[in-house]
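Peer 1: Dropping a structure here in structure tokens format, bear with me for questions.
The values are calculated or read from the model by the stated rules, or taken from the named source; none is laboratory data. It should be emphasised that the depicted structure is a prediction, and the values quoted were computed from it without experimental measurement. Here the Cβ is made from the backbone with ideal geometry for all residues, glycine too, and neighbour counts use every protein chain on show. Heads up: the accessible areas ignore ligands, DNA and RNA and are worked out on the full protein's heavy atoms, side chains in. Shrake-Rupley method; radii C 1.70, N 1.55, O 1.52, S 1.80 Å.
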Amino acid sequence: MLQIHVADHIATLTLDREQRRNALCEEMVQSFAAALDAFRTAGVRCVVLRARPGCKVWSSGHDIEELPAAGLDPLAWRDPLRKLVREIETFPAPVIAMIEGSVWGGACETVFACDLIVAARDATFAATPAKLNVPYNVGGLLTFLNASNLRLAKEMLFTAAPVTAERLCSLGVLNQVVDANELEEVTYAMARRIAGNAPLSISVMKEQLRILAGAHTMSPEDFERIQGLRRVVYNSQDYAEGIRAFKEKRKPEFKGE
Ligand code: YXS
């Protein structure tokens, strides 16, 4: 499910689960975490996260087959998607997302959690909790908020519509948008430049920025309120309908209950 390549302190992780459109499942995330552990030991100084060249779908997001039935939090701490985002955020070197094709749901958050994003001009990004009636978790919403701004985060989350790489780059969400045939050259030039700089300084600045970006106060009462609201969603008929409709390859009929 993952191809791994390391050369000159630069590691490349290639999503390789085409038959499920690179859906992010437990097994893939376990391989991802094991690879990052090995990179940490090997002193890798930059990671490039990509899909196979020429892919139409970079990743279709969380593996919907692995979303829990109603009554359980679908994005709890131990969920593979939450683990994947934490692995990227805490890895002691920059992770560059190299994007072509379409990015969906939890994969969109995963990409936004990366340190840098270089995308092909025709790539698209869609945040999809509202398509499935999934109650996104607080940390995940903060990823969207930190990567963009409140207005754009609301547009992406409320419409669930794909947004073009060009538009996201013009809004500062992506670092670079290039022609597809320049994607590797531009991404690896950035990776080589990073790998040629001081790894200690970069890893400490990455951790400082992670701490600063997550430094939000929230009262225990507010946190409990949010968790209670999320429980209403994942206990709802609509939550079960969202997953059932995907499996039955039809449009869901949400009733707001
Ligand atoms: O019919 P088979 O058995 O061949 O399987 C199909 C799809 O069911 C499967 N597949 C997935 N399986 C599990 N989880 C997924 N996310 C997923 N996406 C696709 O892969 C096989 C080929 O898919 P197909 O025929 O639809 O491919 P396509 O090329 O026509 O269309 C590609 C997509 C990505 C446009 C389409 O597969 C799609 O719309 N996928 C779902 C995108 C999505 O809504 N992702 C959000 C997942 S939930 C999530 O990430 C968070 C929890 S949240 O929603 O909160 O953000």
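Peer 1: Pairs of alpha-carbon atoms within less than 8 angstrom and 6+ residues apart define the contacts here; what relative contact order does the chain have, in percent?
Peer 2: Taking the mean separation of contacting Cα pairs over the length of the chain, I get 19 percent.
Peer 1: Can you flag which of LYS206/LYS249; LYS206/LYS247; LYS56/LYS154; LYS83/LYS255; LYS56/LYS255 are past 30 Å Cα-Cα?
Peer 2: The answer is LYS206/LYS249; LYS206/LYS247; LYS83/LYS255; LYS56/LYS255.
Peer 1: Something else: Could you give the spread of the C-alpha atoms of the stretch 98-170 along their three principal axes, from largest to smallest, in whole angstroms?
Peer 2: 30, 22, 20
Peer 1: Assuming R0 = 51 Å, can you tell me the calculated FRET efficiency for the pair ASP122 and ARG225, based on Cβ-Cβ distance, to the nearest 0.05?
Peer 2: 0.80
Peer 1: Can you give the extra length, in nm with one decimal, that the chain gains between ALA161 and ARG86 once fully stretched, where that is 0.36 nm per residue apart less the Cα-Cα distance?
Peer 2: Working: separation 75, 0.36 × 75 = 27.00 nm, distance 2.55 nm.
In short, 24.5 nm is gained.
Peer 1: When the distances between all Cα atoms of the chain are binned every 5 Å from zero, what whole-number percent does each bin get?
Peer 2: The calculated distribution, bin by bin, is 1, 6, 13, 18, 20, 18, 12, 7, 4, 1, 0.
Peer 1: Given the rule -39500 (n - 2.57) for each run of at least 4 DSSP H residues, summed and divided by the residues of the chain, what is its mean residue ellipticity at 222 nm, to the nearest 500 deg cm²/dmol? List each step's numbers first, then the result.
Peer 2: Details: 11 runs with 121 residues, N = 257.
So the helix-based figure for the chain works out to -14500 deg cm²/dmol.
Peer 1: Ignoring ligands, DNA and RNA, what percent of the accessible area of the stretch 2-180 is carbon or sulfur (1.4 Å)?
Peer 2: Answer for the stretch 2-180: carbon and sulfur cover 53 percent of the accessible area.
Peer 1: Just the number please: accessible area per residue for the chain, 1.4 Å probe, all protein chains included, in Å².
Peer 2: Result: 51 Å² per residue.
Peer 1: Could you give each residue of the stretch 61-78 its phi-based ³J(HN,Hα) in whole Hz, using Karplus coefficients 6.51, -1.76, 1.60 with θ = phi - 60°, and x for Gly or Pro?
Peer 2: After applying 6.51 cos²θ - 1.76 cosθ + 1.60, I find x, 4, 5, 4, 5, 9, 5, x, 5, 3, x, 10, 5, x, 9, 6, 3, 8 Hz.
Peer 1: To continue, here is another question. For THR41, THR187, write out the residues from largest to smallest accessible area, computed with a 1.4 angstrom probe and no ligands counted. Can you show the working numbers first?
Peer 2: Numbers: THR41 125, THR187 0 Å².
Descending order: THR41, THR187.
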